Structure formats: C-alpha cells, structure tokens
Amino acid sequence: MALLYEMDPYSVEQHYVLPAIEDLKRRIKLVKHVGITHFLRYIRCVYRSFTPGPDRRILATINDQASFTAVRFIRNHCANLIDGGQRGGLRTDHEAAFALFVGEFGRKGVSTRQLTTASKFVRMLFDTYGGMWGGSYLREVLSVESPIRKRHEETQSSIEAILGQSLRA
C-alpha cells in the first residue's frame, strides 16, 4: 500500500484512507471531538487485550487487523498533512504505563471489554501516552481527514476549471 500511495496518493486517500476514517468514526460514534468514551471504543475496536510483557512493557493483542492496519498506515503516511508533519508531542513512557497497568490489573492480561472510562490506565493512555495506544495517536489519525478532503476538493475544482475552459475553446 505504501508504494501505491507514493505513486498515486489521491486514489489511495479516496478509496482507502477516507473510507477507513469514516468507518472508524462510525464505529466509535464520533460526531465532533474525541473524548474518553470515543477513545475507549477505539481501543475496544482495534485491540482485544493488554498483557504485561517480560521487558516491563505492555503487549496488545489485535482485535481487528484491518482497522489496526488502516490506522497505522494513516498515521505513518498521512500525518505530514497536519501541522507540517509534527507528530505527537507526547512522550511514550512505557515504564509509567507498565507500572500503572500492573498496579491496576496485576500481572494478568485484561480484555479491552473489561476496561472502563474510570480506569486509571485508560485515562493515562488517553491523556498522556504518546504511543500507538494513546489518545493523541487517534486524534492525529482522525485529523488528516479535513486536509485530505480540502485537497481533493481543490483538485476536483481545478480539473473542472480545466475541462470547462477546453470545452469553451
């Protein structure tokens, strides 16, 4: 997909990126801004469970491979469309996330279905975690929709203007 995106970004955005964003927004029931409830729905949609790993990091089991792949592709290839490509300002503090997770859930894994918006672990991911499970990651992915749509509208207007002039000539 990355090679195709390099060759024809318009088509990939039109037929893969925008539909993926629309599907994600529908699944998390997003209307305006990402809140903690939307974030938890996102976590449940993409991930099945979290487990403490042997290296003091948290491991995630993917629930929906297509959504995971789309979100990751959008974040890695389209984030340059927002804020000049500045990604996330948040630090990914794996140690703090691990300590909070183990403190709340122990050394066993936890299903994302068991997570709630009151969970300190979920709150930390939403508020301050800069990694791919963080709220900032989701906001970045969703924020590329507007610049893509604007650029596509401008492209469409340019094509119509060119065609309109050639038909008049």
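No lab work stands behind these numbers, since they all come straight from the coordinates. Remember, predicted model here, so these are calculated numbers, not experimental data. Here Cβ is always computed from backbone atoms with ideal geometry, including for glycine, and neighbour counts include all displayed protein chains.
Please order H94, H15 by the number of other Cβ within 10 Å, starting at the fewest.
Final ranking by Cβ density, sparse to dense: H15, H94.
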Problem set entry | Footprinting exposure proxy for V110, V71 (fewest neighbouring C-beta atoms within 10 Å first) | V110, V71
Exercise. What is the order of D55, D23, fewest Cβ neighbours within 10 Å to most?
Worked result: D55, D23
